[in-house]
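Every number in this text was worked out from the coordinates using simple rules, so none of it is lab data. Since we're looking at a predicted model, the values are computed, not measured. Glycine also receives a Cβ, built like all others from the backbone with ideal geometry; neighbour counts cover every protein chain displayed.
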Amino acid sequence: MQKINVKSGAKIDDYKAYGSLNSSVLDFIEKATQPIASLNGSTIWMINSTAIGGGVAEMLPSQMRILRELGVSIEWLVLDANDPNFFDLTKRIHNAIHGSGDGKFTETDREVFEATNTANLSDALELIKDGDIVVVHDPQPMPLAAMIKKQRNVAIVWRCHIGLEEDTAITDAVWNFLSPYTDDYDHFVFSLPSYVPKSLKEKTSIIPPAIDPLSHKNRALQLHKNVGILYQSGILDDHKAILYNRYNHLVRRVMPDGSFGSPNQHNSLHLIYRTFVTEISRWDRLKGFKELMQAFIKMKKDNREHGDPESLEYKRIKMTLLVLAGPDPAFVSDDPEGEAVLKELTAQYQSVDPEMQNDIAILLMPLDNPKENALIVNALQRSSTIIVQNSIQEGFGLTATEAMWKRKPVLVSGAAGLKFQVEHDKNGKINEDPTDIGKLAETLAYMLNHPKERDKWGFNGQLRVIQNFTLFSQLISWLEVLSAQKST
């Protein structure tokens, strides 16, 4: 078990200085006073499985900084895990909660699950004291509740960031596998009401995820800074003047022969001079990368075969680039499924004609420096014409939230977490079925050729995020949950 040091960052006054955030901050401060007072004398312990990558690891530092500034004692622990069988199991659990996979879990799986958590228990008990409150995030550390409660008088909350709108044989199987661990939790938190298993509804609160508008991934970037990050990361080759040197590890691109090279090695992307469509996620079949690439290729081919070469619409689609971006496998040692998905996408990319390959960039982003990784994502999103999240299933989808905050038009699937955020034709487009290649291609083409509507969707999207999905709306809900656990 590792205790994570949270670095300094934006303070409450920094958020208040933004006119668009000021009222949210003031409302939060007013509502937070009483629950914070009730937490006096207790430490909040957040426990999850990783300090880098994923929504939990991104959200916690900002939340902790704000709460600490207001006097809350809050710490962050991360599991030590190096058993590949554990990672394989927890990935299967994750997929099954989304309704994917075969839903088969064995007693051997349970032994693997509990062994890794048992190995982390002694470190946790050295830190957690009677009267504290523990928040366990997602399935990986779930068995810890019973183990901790045997030796400490604490309240424990389980926060599940994933789910599926309907019950299936697969979701029933995974919740049955996890059911022995739920009895030792005092309360549960889910992102959407439809994700809550029937057996847990009476002890559950709903808290949608949220972004930190001033984090490195979401902060404003002036044009020269945005272009500079693209150069520092290796995505751009040409530059005139720049304040900083290139990063130690650069973005790589999948080459036509399946190898990894520099982004402009095969052909120059001319990224800042052309329209481009972006999806950024981990390499996961549930993210719909394959289907998005198929739709992009269909859109290009339909335009080539049926479009008017003299029209602006034809030229716009002809020049459009597709960027699929995810973690560089050189920095991820615990995700064999991610490597397999990347290989599948690479094979799909290799199967298209050379001209089409020039219009598709599969980018691999380094993870050695979280700040640099966040800035690369930020710069890519801010440079994009359209940001897509084509998920087959999605717990929430903060990539869509981030895009809307940046006033970028979004195209999302009908996955529950995405549909909860995006209002069709008001702040983006919803293509209900992410596997409907024809409809997806048609929607992409429509969005590319309606720039005024894209501007409208982007503007409305930012307003929706400000009103519903910043860390202040999330934090007041958390304080109410934690205060209630303290009082019981």
Phi-based couplings in Hz for the stretch 71-77 (Karplus 6.51, -1.76, 1.60; Gly and Pro marked x): x, 7, 8, 9, 10, 9, 10
Count neighbours as other Cβ atoms within 10 Å of each site's Cβ, and list the trypsin sites (Lys or Arg not before Pro) in the stretch 50-151 that are DSSP loop with at most 10 such neighbours. Lys150
What does the charge add up to near Ala10, with Lys and Arg as +1, Asp and Glu as -1, over the other residues with Cβ less than 15 Å from its Cβ? +3
Using amide H atoms built in the peptide plane, which far-off residues or other-chain residues are under 5 Å from Trp45 H to H? Glu75, Ile133, Val134, Val135
Specify which residue in the list Ile170, Ala325, Ala96 is farthest towards the positive end of the charge dipole of the chain, using unit charges on the beta carbon of Lys, Arg (+1) and Asp, Glu (-1), about the Cα centre. Ala325
To make sure I understand the rule: partners must be lysines, Cα under 23 Å from the Cα of Lys298, and not fewer than 8 residues away in the same chain. Which ones qualify? Lys287, Lys290, Lys315, Lys318, Lys343, Lys429, Lys439
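Which value, in debye to the nearest 20, describes the size of the charge dipole of the stretch 223-468 about its Cα centre when Lys and Arg Cβ atoms bear +1, Asp and Glu Cβ atoms bear -1, and nothing else is charged? Write down the numbers at each step before the final one.
On the way: 31 positive and 32 negative charges, 183 e Å.
Computed about the Cα centre, the dipole is about 880 debye.
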Straight distance only, please: which lysines reach the Cα of Lys7 with their own Cα at less than 16 Å, same-chain residues fewer than 8 apart left out? Lys217, Lys371
For Cα pairs less than 8 Å apart in space and 6+ apart in sequence, what is the mean separation divided by the residue count of the chain, i.e. the relative contact order in percent? 16 percent
Read through the labelled values (i) 73, 52, 42; (ii) 156, 51, 50; (iii) 72, 55, 47 and report the label of the one computed as Cα extents along the principal axes in Å from the structure. (i)
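If you place +1 on the Cβ of every Lys and Arg and -1 on the Cβ of every Asp and Glu, how big does the dipole about the Cα centre of the chain come out, in debye to the nearest 20?
Details: 53 positive and 62 negative charges, 331 e Å.
Computed about the Cα centre, the dipole is about 1600 debye.
222 nm [θ] for the chain, helices only, -39500 (n - 2.57) per DSSP H run of 4+, per residue, to 500? Write down the numbers at each step before the final one.
Details: 18 runs with 225 residues, N = 488.
That calculation yields -14500 deg cm²/dmol at 222 nm.
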Excluding Ala441 itself, calculate the net charge of residues whose Cβ lies under 15 Å from the Cβ of Ala441, where each Lys or Arg counts +1 and each Asp or Glu counts -1. -1
May I ask you to list the trypsin sites (Lys or Arg not before Pro) in the stretch 450-488 that are in a DSSP loop and have at most 16 other Cβ atoms within 10 Å of their Cβ? none
Inter-centroid distance (Cα atoms) of the stretch 1-50 relative to the stretch 372-429, Å: 25 Å
Which of Asn85, Ala37, Ile47 sits farthest toward the positive end of the charge dipole of the stretch 1-160, with +1 on the Cβ of Lys and Arg and -1 on the Cβ of Asp and Glu? Ala37
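Report the longest stretch of the chain that contains none of the chymotrypsin sites (Phe, Trp or Tyr not before Pro) sitting in a DSSP loop with at most 15 other Cβ atoms within 10 Å.
Numbers: sites that count: Tyr18, Tyr244.
The reported range is 245-488.
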With the dipole of the chain defined by +1 on each Lys or Arg Cβ and -1 on each Asp or Glu Cβ, the option from Ser122, Val481, Ile235 whose Cα lies farthest towards the positive pole is Ile235
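Loop only by DSSP, 13 or fewer other Cβ within 10 Å of the Cβ. Give me the GluC sites (Glu not before Pro) in the stretch 108-195 that pass, ordered by residue number. Walk me through the intermediate numbers first.
Numbers: sites: Glu111, Glu114, Glu126, Glu165, Glu166; in loops: Glu165, Glu166.
In loop regions of the stretch 108-195 (DSSP not H, G, I, E or B), the sparsely surrounded GluC sites (Glu not before Pro) are Glu166.
Of all beta bridges DSSP finds with both residues in the stretch 223-468, what is the antiparallel percent, to the nearest 5? Spell out each step's value before the answer.
Numbers: 4 of 25 bridges.
In the stretch 223-468, approximately 15 percent of DSSP beta bridges are antiparallel ones.
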Can you work out ³J(HN,Hα) from phi for every residue in the stretch 247-255, in order, using Karplus 6.51 cos²θ - 1.76 cosθ + 1.60 and θ = phi - 60°, giving whole Hz and x for Gly and Pro? 5, 5, 10, 9, 4, 10, 10, 6, 8
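Can you figure out the FRET efficiency of Arg304 with Ser477, using R₀ = 41 Å and their beta-carbon distance, to the nearest 0.05?
Working: r = 50 Å, r/R0 = 1.22.
According to the calculation, E is roughly 0.25.
Give me the extension gain from Asn85 to Asn176: residue separation times 0.36 nm, minus the current Cα-Cα distance, reported in nm with one decimal. Intermediate values should be presented prior to the final figure.
Numbers: separation 91, 0.36 × 91 = 32.76 nm, distance 2.01 nm.
Going from the current span to full extension adds 30.7 nm.
Would you mind counting up the charge near Arg253? Only other residues with Cβ under 14 Å from its Cβ, with Lys and Arg at +1 and Asp and Glu at -1.
Once all neighbours under 14 Å are counted, the net charge is -3.
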On the first, second and third principal axes, largest extent first, how far apart are the outermost C-alpha atoms of the stretch 223-468 in Å? 44, 42, 40
Taking the chain as the reference, fit the longest principal axis to its C-alpha atoms, fit the long axis of helix 169-182 to the helix C-alpha atoms, and give the angle between the two in degrees, 0 to 90, nearest 10. 30 degrees
Under a plain spin-label model, where a point goes 7 Å from the Cα along Cα-to-Cβ, how far apart in nm are Leu223 and Leu243? 1.7 nm
FRET efficiency for Glu111 and Lys343, Cβ-Cβ distance as r, R0 = 35 Å, nearest 0.05? 0.70
For the stretch 114-153 versus the stretch 224-255, the gap between their alpha-carbon centres in whole angstrom: 43 Å
Non-local amide H neighbours of Leu322 (under 5 Å, H modeled in plane, Pro and chain starts lacking H): which ones? Val277, Ile360, Ala361
Residue by residue through the stretch 132-138, the couplings from Karplus 6.51 cos²θ - 1.76 cosθ + 1.60 with θ = phi - 60°, in Hz, x for Gly and Pro, are 6, 10, 10, 10, 9, 9, 6
Please give the contour-minus-distance gain from Tyr18 to His450: 0.36 nm per residue of separation, less the Cα-Cα distance, rounded to one decimal in nm. 152.5 nm
Against the 2.2 N^0.38 Å scaling, with N counting residues, where does the stretch 41-184 land? I'd like the Cα-based Rg ratio to two decimal places. 1.07
What is the set of long-range amide H partners of Gln389 at a cut-off below 5 Å, with H atoms built 1.01 Å from backbone N? Leu411, Val412, Ser413
What is the calculated FRET efficiency for Ser262 to Asp368, with r their C-beta to C-beta distance and R₀ = 22 Å, to the nearest 0.05? 0.80
